[in-house]
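Enquirer: Sharing a structure with you now.
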Amino acid sequence: MHPALHSWREELPAHFVRALAYVGGWAILSIAAAQFFQSPPVKTAIAPVDRSDWIEIERPFPAFALAIPEAGGQPSSYAIRRHAAGGGRKDILSLGEPDAPTPFLQVEIYRPGSEPVTFAGPVAEVADGAAALGPAALTPDGEPLASKFGPLNLVSFETSNGVARQCLGFVRAYDDPNLRLSGWFCQAGSLVARSTLACALDRLTLLAAGSEPKVGALFAQAELHRSFCGQREPLLAATPKYRLLWQALATRPEPRRVGR
């Protein structure tokens, strides 16, 4: 074999290895430079989830009832909410359209658990409970309302959300049992009469006290003071229809004209 060819064949692997190493070195330097000079990844801030302290029970088992025959054709609802941390329970009963000129009644029975509870006063409590209505011009009534549940603090207010209505809110907190009764009665036009609200609450009854005998005792005592909407004799009229309780609030009859 010619000496020149022999030298070329022996030196070919060495040249190939050096070229490969050269190319590999540049590749490594390029990757390192790209990693060093590239912009840091943009991290999207995750907004915290605003979780409510109260959990809505999907299939509530009613513990109370609000039977008003005069409002038989009106929509009604029953909701139960549990405090996520303390276990307190709110039973919320409503009757009527929440945003309509027709009467609307809502009653809330709150039985606190281990969560911290403070009573901020009638005006603050009614304003907080009726926040969805946009309560305005809240005015406390100095004279409590006499009801079968004892004297109730009253607060009148106007709604600023939806249909303009006049409302009469009520609230009372009990120490033993630890229970708070509150709510409101609204209608378009004139303010709900005190006697009308007392009659509506006269229909609030207990279905099951569960493991709270003191709650059962409270409602049993309330039944002894039931006025039956102005007719105290249960044998004559166990639950008489109160002509101003519902329909008459929405549609008052025109005065009868006397012919000549």
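Only the coordinates and a few stated rules stand behind these numbers; no lab work does. From a predicted model like this one, the values you see are computed outputs, not experimental measurements. When we count neighbours, we look across all protein chains shown, and the Cβ atoms used for this are built from the backbone with ideal geometry, even at glycine.
Enquirer: Which residues in region 95-119 have a backbone N closer than 17 Å to a point placed 7 Å from the Cα of Ile57 along the Cα-to-Cβ line?
Expert: Of the residues in region 95-119, 107-115 have backbone N under 17 Å from the label point off Ile57.
Enquirer: Continuing with this model, one more query. Ala188 to Thr205: extension gain in nm, 0.36 nm per residue of separation minus the Cα-Cα distance?
Expert: Values: separation 17, 0.36 × 17 = 6.12 nm, distance 2.70 nm.
Extra length available between Ala188 and Thr205 comes to 3.4 nm.
Enquirer: Just round it to a whole percent: the fraction of Cα-Cα distances in region 60-138 exceeding 16 Å. Don't jump to the answer; show the numbers that get you there.
Expert: Numbers: 1895 of 3081 pairs.
Tail of P(r) above 16 Å: 62 percent of Cα pairs.
Enquirer: Would you kindly state how much longer the chain becomes between Ser77 and Thr139 on full extension, computed as 0.36 nm times their sequence separation minus their alpha carbon distance, in nm to one decimal? Don't skip to the answer; put the middle values down first.
Expert: Values: separation 62, 0.36 × 62 = 22.32 nm, distance 2.80 nm.
Full-extension gain reported as 19.5 nm.
Enquirer: Using a cut-off of 13 Å between beta-carbons, work out the net charge of the residues near Ile92 (Lys and Arg +1, Asp and Glu -1, Ile92 not included). Intermediate values should be presented prior to the final figure.
Expert: Details: positive: Arg81, Arg82, Arg89, Lys90, Arg111, Arg180; negative: Glu56, Asp91, Glu108.
Overall, the nearby charge balance is +3.
Enquirer: Expressed as a fraction of 2.2 N^0.38 Å, the rule-of-thumb size for a compact globular protein of N residues, what is the C-alpha radius of gyration of region 54-249?
Expert: Details: Rg = 16.1 Å, N = 196, 2.2 N^0.38 = 16.3 Å.
So region 54-249 has a normalised radius of gyration of 0.99.
Enquirer: Grab the other residues whose beta carbon is less than 12 angstrom from that of Ile109, score K and R as +1, D and E as -1, and report the net.
Expert: Working: positive: Arg81, Arg89, Lys90, Arg111, Arg172, Arg180; negative: Asp91, Glu108, Glu212.
Overall, the nearby charge balance is +3.
Enquirer: May I ask you to derive the FRET efficiency for Ala132 and Ala217 from their Cβ-Cβ distance with R0 = 45 Å, giving the value to the nearest 0.05? Write out the running numbers ahead of the final one.
Expert: Details: r = 33 Å, r/R0 = 0.73.
Between Ala132 and Ala217 the formula returns 0.85.
Enquirer: Check Val155: other-chain or 5+ apart residues with amide H under 5 Å from its amide H, H built from backbone geometry?
Expert: Close amide H contacts, sequence-distant or interchain: Asp141, Gly169, Phe170.
Enquirer: Around Ser182, what is the net charge, scoring Lys/Arg as +1 and Asp/Glu as -1 over all other residues with Cβ under 15 Å from its Cβ? Don't skip to the answer; put the middle values down first.
Expert: Details: positive: Arg81, Arg89, Lys90, Arg111, Arg172, Arg180; negative: Asp91, Glu108, Glu125, Asp128, Asp141.
Surrounding charge for Ser182 is +1.
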